[in-house]
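Reading through the structure tokens given below for one structure.
The values are calculated or read from the model by the stated rules, or taken from the named source; none is laboratory data. Here the structure is a predicted model, which means the values were calculated and not measured. Here Cβ is always computed from backbone atoms with ideal geometry, including for glycine, and neighbour counts include all displayed protein chains. Note: accessible area is taken over every heavy atom of the protein model, side chains too, but ligands, DNA and RNA are not part of it. Shrake-Rupley method; radii C 1.70, N 1.55, O 1.52, S 1.80 Å.
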Amino acid sequence: MDSQRSFLIIALAIVSFFLWQEWQKDYGPQPAVAPTQISATSTGTTDGGMASLQLESPETAAVQAATASSQLVKVITDTLELQIDTRGGNIVSLKLPQYALTKDSTEPYVLMRQLAGFEYVAQSGLIARDGPDRTESPVYQAANTEYRLSGDGTLTVPLRLEHNGMLIEKRFIFTAGKYDVRVEHHIVNNSTEVKTVQPFQHLRQNIDNGESSSMFMPIYRGAAFGSSEERYKKYDFSDMQKNNLNVSTQAGWVAMLEHYFVSAWIPDQQANNQLYSRITGGNKGVIGALGPVVDIDPGQSVTLGSTFYAGPKIQDKLAELANGLDLTVDYGFLWFISQFLFWLLTKIQLVVSNWGLAIICITLIVKGAMFPLTKIQYESMAKMRNLKPKIEELQARYKDDRQKMGPAMMELYRKEKVNPMGGCLPMLIQMPIFLALYWVFVESVELRHAPFMLWITDLSAQDPYYVLPVLFGISMFLMQKLTPMQVTDPLQQKLMMWMPVAFSVFFLWFPSGLVLYWFVSNLISLAQMLYIYRGMEKKGLHTRKA
């Protein structure tokens, strides 16, 4: 049937469209705004409502810096290298020593930083009537300028502040082997009055830091949140510019995403929290959480805690911290397929200890599971080719009467027990697996910089020598030769001839792990085609020449 290959082109075009559509929605360029140096403080109400963010001008920030000196406290663990500014007790720099900045680089990946013209920081504090962060960022006192966590166990970094009759100790509690940090405010009311405070946490970064994205290796930068109503929802900078986030929720979380990595604040999961967003200074996006107001009686103390996560998007670890936080590994609209394929891929990798071999194994499993559909597809295509003489006879007989040709063709299909769509529908069913695997390779940090063998040293990046895309094109050409079809239209003939070349070029920018999957899939398809056609030849249902 002439339309079989045309339908293949359409199906692959649909895949391309979906990839482009998802990329535009999630990774499209954000509006660039000239950077402005600002700082932000918060004021709050005592009714549990949303606190308003009061922005300081650069001049105010400069005066504040001059009147009260601050210092940076360096903290080093096996998983994190960060700096805490004693002004506000905020995290202003964070590196991931277990993840290289680039392949074979000795420099760690820099997730958070504060530079001239750009900042990506994690802030937390206390507002409301008596909160020290109500009007300006306070300066805490630190006993040391550097802390190290050696071996197992935990490390507590305390920052102390006396404010308005209260003794406040802000504690950062680190655990070996973990990327989540417990952040606590221990408050002792030494005054004779009831003190009212309200905890907040937020992340702030420039809307555009000059990083670029390609269509096939995107770098998503934007915010997201989870609530009791929605486990996971992206809320990018353009959303912030249109409308401020204002969500009341039990538990919840807020995050900033950066391709394979995420930073997130998880407030008290037993409390009612308010999630919010802001655009500050015209070019900085803020997303945060505001906890309930707390009254502290004279002579009493209270500890208010939250969790800060900064690191790779490791799904099982994120799922333990908050409901829906693991969905920051965003597999798109086919997430349910992607999650299963990723689970299967990780189980196989534990056995073979090589992600490339795991991809080959999962290809064998997928193609084996799809074999019944593949058999229907190729048998249907062979039967349609055997009907070609009869179809041409009908076309010649009714060439001037299209209304009669349609019913006659349908009658022929019914008589010969052939489904004209039988070769197309199985193929369409398999397309979602391709899309789902695409997002697995793009989003899964486990595949970042994962080597296979020989020249393939990073399965998440494109083939540096384009060997796999060329091999894919050759395998696609062989599949065409194995299932020749008589195409009379010259344009279709040219399209069929150039299709392997076109898709080889299309795959040049795909992650090499995905191209490896598709190449191995083609090899298996070739073997399956030979097996199916030989079986049909023995029954006289198929001939090698069309």
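Residues that are without any contact (Cβ under 8 Å) to a residue 24 or more places away in the chain: list the strands (runs of 3 or more DSSP E) wholly contained in the range 232-342 that include at least 1 such residues.
Fully inside the range 232-342 and qualifying: 233-235, 246-250.
Kindly indicate whether Glu136 is over 24 Å from the mean Cα position of the chain (by Cα), more than 19 Å from Asp180 (Cβ to Cβ) and among the charged types (D, E, K, R).
Yes, satisfied.
Within the range 343-355, can you find the residues that are surrounded by fewer than 21 Cβ atoms within 10 Å (Cβ to Cβ) and not in a loop (DSSP other than H, G, I, E, B)?
Trp343, Leu344, Thr346, Lys347, Ile348, Gln349, Leu350, Val351, Val352 - these are the residues of the range 343-355 that are surrounded by fewer than 21 Cβ atoms within 10 Å (Cβ to Cβ) and not in a loop (DSSP other than H, G, I, E, B).
Please enumerate the residues belonging to the range 505-519 that are open to solvent by less than 20 Å² (accessible area, probe 1.4 Å) and assigned to a helix (DSSP H, G or I).
Scanning the range 505-519 gives Phe507, Ser512, Gly513, Leu514, Val515, Leu516, Tyr517.
Checking the conditions here, which among Ile376, Ile429 is farther than 30 Å from Leu327 by Cα, out of contact with any strand residue (DSSP E or B) (no Cβ under 8 Å at 6 or more places or on another chain) and open to solvent by 50 Å² or more (accessible area, probe 1.4 Å)?
The match here is Ile376.
Give the residue, chosen from Arg134, Arg129, Arg113, that is without any contact (Cβ under 8 Å) to a residue 24 or more places away in the chain and open to solvent by 20 Å² or more (accessible area, probe 1.4 Å).
Arg113
Any chance the range 211-225 includes a residue that's in contact with a Ser or Thr (Cβ under 7 Å, 6 or more places away or on another chain), modelled with pLDDT under 90 and either surrounded by fewer than 23 Cβ atoms within 10 Å (Cβ to Cβ) or not small (Gly, Ala, Ser) (or both)?
Yes, the range 211-225 has at least one match.
Output the number of residues of the range 433-478 satisfying the condition of being in contact (Cβ under 8 Å) with a residue 60 or more places away in the chain, in a helix (DSSP H, G or I) and open to solvent by 40 Å² or more (accessible area, probe 1.4 Å).
Number satisfying all stated conditions: 1.
Enumerate the pairs (first residue in the range 389-418 and over 21 Å from Glu379 (Cβ atoms); second residue anywhere and open to solvent by 70 Å² or more (accessible area, probe 1.4 Å) and charged (D, E, K, R)) with beta-carbon separation below 6 Å, excluding pairs fewer than 6 apart on the same chain, so at least 6 apart or on different chains.
Within 6 Å, the pairs are Tyr398/Lys404.
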